[in-house]
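Take a look at the structure below.
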Amino acid sequence: MRKLCLKIHLWLALPVGIILSVVCLTGAIMVFENEILQGLNPEVEISAIGKHDPARRELKGATFFRQTMRLHRWLLDPPAKKGEGSTGKWIVGTATLLMVVILASGLVAWWPRNRKALRNRLTVTCTKGWSRLWHDYHTSLGFYALLLLLLMALTGLTWSFGWFRDAAYSLLDFIPDNGQRRFLYSLHTGSWGGMITRILYFLAALIGAFLPWTGYYLWWKKRKRSRQTA
């Protein structure tokens, strides 16, 4: 089972890793959007201006965050109309769906056989070279960020695919009113628990942005060793 999950984890992550890195990094940037905009526009009360309020477009830094959001959700290829699809929306949605499988298979492959192995896999070692550091980053920090990354991915899928949204609403017995949509949005962005959860989401998304690159590095190192011993 572990070897199978390792193969699933690897061969799904290789083609979509860069896309997931972009999605996670842009998500991390947007966590503190209001605070950054407030710092750039001290004369305006940012919390009183809604996300879709036309007045928000006149703010310093608003264009940057608008483009960041477009990159996060649609890879700069937004649908022509609200509720419609686009190539960018489909790519992000598919990559996010695969991310759920990648994270789940990674957890099964990571799961230690004993307590000593557990301690090793929960520790990041900074004194044994770059290869060990990158390995620990991928396995240890990936585990710490796993739950929040899964939550972000699963909630994000409700904006990508109508069938997933309908299934999630049915499973959770949700009525798609504005209140429950806001609750779902708060689960996706981390705003449900105030500043503490937003900081945790920011760190998890930042870790998620670099997990593919550490994975690529470990894969490359393994291939390099295999060629040398062949």
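The values are calculated or read from the model by the stated rules, or taken from the named source; none is laboratory data. Not measured: the values here are computed from a predicted model. Cβ coordinates were reconstructed from backbone atoms using ideal geometry, including for glycine residues, and neighbour counts include every protein chain displayed. The area values use the complete protein model at the heavy-atom level, side chains included, leaving out ligands, DNA and RNA. Shrake-Rupley method; radii C 1.70, N 1.55, O 1.52, S 1.80 Å.
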Relative contact order (percent) for the chain, with alpha-carbon contacts under 8 angstrom and 6 or more residues of separation?
27 percent
Report, to the nearest 10°, how far helix 178-189 tilts away from the longest principal axis of the Cα atoms in the chain, using its own Cα long axis and a range of 0 to 90°.
40 degrees
In degrees, nearest 10, range 0 to 90: what is the angle between the Cα axis of helix 87-110 and the longest Cα principal axis of the chain?
40 degrees
With everything on Cα atoms, drop me the angle between helix 62-74 and the longest principal axis of the chain, reported from 0 to 90° to the nearest 10.
50 degrees
Helix-only estimate, please: 222 nm mean residue ellipticity of the chain, summing -39500 (n - 2.57) across DSSP H runs of length 4 or more and dividing by its residues, to the nearest 500.
-24000 deg cm²/dmol
At a Förster distance of 30 Å, what's the computed FRET efficiency of Arg66 paired with Trp130, Cβ-Cβ distance as r, to 0.05?
0.20
Just check segment 1-130 against the gyration tensor rule for me: Cα atoms, a ≥ b ≥ c as the square roots of the eigenvalues, rounded for a/c under 1.5, and otherwise prolate or oblate depending on whether a/b exceeds b/c.
oblate
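For the chain, what is the accessible area per residue in Å² when the probe is 1.4 Å? Provide the component values of the computation, followed by the final result.
On the way: 14340 Å² over 230 residues.
So the chain comes to 62 Å² accessible per residue, rounded to a whole number.
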How much length would be gained if the chain were fully extended between Arg57 and Tyr144, taking 0.36 nm per residue of separation minus their Cα-Cα distance, in nm to one decimal?
27.7 nm
Lysines within cross-link reach of Lys116: Cα-Cα under 19 Å, excluding same-chain residues under 8 positions apart?
Lys128
Inter-part gap, Cα centre of segment 24-50 to Cα centre of segment 135-161, in whole angstrom, is 23 Å
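Test of understanding: what is the full-extension gain from Leu6 to Arg225, defined as 0.36 nm times their sequence separation minus their Cα-Cα distance? It would help to have the intermediate numbers written out before the result.
Working: separation 219, 0.36 × 219 = 78.84 nm, distance 1.80 nm.
Extending this stretch completely gives an extra 77.0 nm.
Measure up Lys60/Lys81; Lys51/Lys82; Lys60/Lys82; Lys7/Lys224 against 24 Å on the Cα-Cα distance and list the ones that go over.
Working: Lys60/Lys81 26 Å; Lys51/Lys82 15 Å; Lys60/Lys82 26 Å; Lys7/Lys224 18 Å.
Pairs exceeding 24 Å: Lys60/Lys81; Lys60/Lys82.
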Carbon-plus-sulfur fraction of the accessible area of segment 111-196, 1.4 Å probe, in percent?
64 percent
Rank-order 34-40, 116-122 by packing density, defined as the average count of other C-beta atoms within 10 Å over each peptide's residues, highest first.
34-40, 116-122
Which one of Ser86, Trp134, Pro42 has its Cα pushed farthest toward the positive end of the charge dipole of the chain, where Lys and Arg give +1 and Asp and Glu give -1 at the Cβ?
Trp134
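What is segment 63-222 by shape, rounded, prolate or oblate, if you read a ≥ b ≥ c off the alpha carbon gyration tensor as root eigenvalues and call it rounded for a/c under 1.5, prolate for a/b larger than b/c, and oblate otherwise? Show your work: numbers first, answer last.
Numbers: a/c = 2.04, a/b = 1.73, b/c = 1.18.
Verdict is prolate for segment 63-222.
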